[in-house]
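Note sheet for the following structure.
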Amino acid sequence: MADLVLKPGREKSLLRRHPWIFSGAIHHVDALRQAQGPASGETVNLLSFKGDFLAQAAYSPTSQIRARVWTFGNEAVDTDFFRRRIRAAIKQRLTLNIQRSTNAFRLIHAESDGLPGLIVDRYVDVLVLQSLTAGSEFWKETIADILLEETGLGTIYERSDADVRELEGLQPVIGPLRGSINHSPLTITENKLKFNVNLEAGHKTGFYLDQRQNRLRVRELAKGRDVLDCFCYTGGFTVNALVGGARSVVAVDSSAEALALGREHVRLNGGQVESVEWCEEDVFQVLRKFRDEGRSFDMIVLDPPKFAPTAAQAEKASRGYKDINLLAFKLLRPGGILVTFSCSGGVDATLFQKIVASAALDAGVEAQIVEHLSQAADHPVALNFPEGAYLKGFVCIKL
Ligand code: SAH
């Protein structure tokens, strides 16, 4: 196994058990034993400058994150290792009793489940696998076999089409990995509501599973309210608001396809399609148009796409978040509820709170945060990996 030797002092984050090593922290790769250096995804030893063993990691030759830790111990990184990690992740979901409320949930959440780069979601009886890094790619076939053995299921569909794969020098891969899907879309049940999920083409692995508990919260808060659901995608929040007794819902998304599925979801759950005004428009423009028309709402949901995937884009993203939150505060009636999210890795909860606060200030509005929201429990955050907490949200009340 090749050794990756760090620069003096650069072992600190590893000693705190953070799983990433950036290229700038590496002093040299010990290529004595291997003429060409380690291959993409191969397991390497991480050593301090003094030569102390720190961890075993997957090597990513093209990525700024040059290595991701599999283990801080000296256990072999082999089939049994992956079996132990996968079993632990499955057991964690049993502890959460997640299947009581849904048949679609995240089984493996990458770094936070000790498996960097690997996402596995379960939709009824189909597993959807997303391999994001050189390391998860290297072990993909082994992992697929273990997943079938440990879950007793027969189908794994691969959705390795996220942009971040490019940084790892990997091409997108979409298609069956084990077995085949015999019904598409697949209908899932989440907190007693039904949603059709297109595993082949839906966002992420098909559905925003991370918003499950927040959709339920919106259902609980929507009664009697005129709701505006911005970035509604296939209507997750819209359907929940309707079922929760909303008086009306305006649902906005730029994708006609997503809105069509939204209509289908309203019907599927016994709602009146007519009680929803569907707008295929740009949210930034719609909010301005509604402001100019003097329209107002008692509840607004803002669930935009990632404006800042990394910290480098945080400033531009902040302007985007501030803009929509400012306009939303203006459109809210007094006593109205703003449910606002950011899923940007580059914007942490503290920064997001500052952005929302300055939006309220500039809107000339007083508001309070009454609840902090986050990703659902099947998307855990390892304590040593704060980057895992990517989804943050607030329920605000306009005074
Ligand atoms: N709230 C959804 C998930 C939202 S995902 C749920 O719970 O399922 C983000 C959505 O924003 C996508 O559907 C995308 O089509 C839409 N989108 C992105 N930029 C937009 C814009 N400027 N205006 C309107 N919709 C936009």
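Here are some notes:
- When nucleic acids and ligands are ignored and a 1.4 Å probe is applied, residue 125 ends up with an accessible area of around 70 Å².
- The Kirkwood radius of the stretch 87-187, taken over pairs of alpha-carbon atoms, gives through the Stokes-Einstein law at 10 °C and 1.306 mPa s a diffusion coefficient of 114 µm² s⁻¹.
- For the stretch 304-399: rounded, prolate or oblate by the Cα gyration tensor [a/c cutoff 1.5]: oblate
- The chain - share of DSSP beta bridges that are antiparallel (%, nearest 5): 65
- Taking each of 140/194; 204/392; 192/392 in turn, the alpha-carbon distance tops 29 angstrom for 140/194.
- Rg/Rg_ref, the stretch 220-375, where Rg_ref = 2.2 N^0.38 Å and atoms are Cα: 1.00
- The string of couplings for the stretch 61-66 from the Karplus curve (6.51, -1.76, 1.60, θ = phi - 60°) is x, 9, 8, 4, 7, 6 Hz, one whole number per residue in order, with x for Gly and Pro.
- Compactness relative to 2.2 N^0.38 Å, alpha carbon Rg of the stretch 217-285: 0.97
- Shown in residue order for the stretch 363-375 are the 3J(HN,Hα) couplings computed by the Karplus curve 6.51 cos²θ - 1.76 cosθ + 1.60 at θ = phi - 60°: 7, x, 10, 9, 8, 10, 7, 9, 8, 9, 10, 8, 5 Hz (x for Gly and Pro).
- Computed from backbone phi with θ = phi - 60° and the Karplus coefficients 6.51, -1.76 and 1.60, the 3J(HN,Hα) list for the stretch 313-322 is 9, 4, 5, 5, 4, 4, 5, x, 4, 5 Hz; x is used for glycine and proline.
- Relative contact order, percent, the stretch 40-131 [alpha-carbon distance under 8 Å, six or more residues apart]: 16
- FRET E, pair residue 101, residue 7, Förster distance 45 Å, beta-carbon r, rounded to 0.05: 0.40
- Solvent-accessible area of residue 194 with every protein chain in place, 1.4 Å probe, in Å² to the nearest 10: 90
- Net charge over other residues, Cβ less than 13 angstrom from the Cβ of residue 389 (K, R count +1; D, E count -1): -3
- Here the accessible area of the chain is 52 percent carbon and sulfur, with a 1.4 angstrom probe and all protein chains present.
- Distance histogram for the stretch 259-340 (every C-alpha pair counted, 5 angstrom bins, percent rounded to whole numbers): 3, 12, 19, 20, 19, 15, 8, 3, 1
- For the stretch 3-135, alpha-carbon Rg over 2.2 N^0.38 Å: 1.18
- Stokes-Einstein translational diffusion, the chain - Kirkwood Rh over all Cα pairs, 1.306 mPa s, 10 °C, in µm²/s: 71
- Across the chain, C-alpha contacts under 8 Å between residues 6 or more apart give a mean separation that, scaled by the residue count, equals a relative contact order of 11 percent.
- Per-bin percent of Cα-Cα distances, the stretch 156-253 [5 Å]: 3, 12, 18, 18, 15, 12, 10, 7, 3, 1, 0
- Over the chain, accessible surface divided per residue gives 43 Å², non-protein components excluded, 1.4 Å probe.
- Among the GluC sites (Glu not before Pro) within the stretch 233-320, those in coil by DSSP and having at most 15 neighbouring Cβ atoms inside 10 Å are 281.
- Summarising the label geometry, the points placed 7 Å from Cα in the beta-carbon direction at residue 377 and residue 50 lie 4.3 nm from one another.
- The stretch 4-99: GluC sites (Glu not before Pro) falling in loop per DSSP and having at most 13 other Cβ within 10 Å: 75
- Residue-averaged 222 nm ellipticity for the chain, from DSSP H runs of 4+ at -39500 (n - 2.57), nearest 500: -8500 deg cm²/dmol
The values are calculated or read from the model by the stated rules, or taken from the named source; none is laboratory data. Please read these numbers as outputs of a predicted model, since none were measured by experiment. Cβ sites come from the backbone with ideal geometry, for glycine too, and all protein chains shown count toward neighbours. The area values use the complete protein model at the heavy-atom level, side chains included, leaving out ligands, DNA and RNA. Shrake-Rupley method; radii C 1.70, N 1.55, O 1.52, S 1.80 Å.
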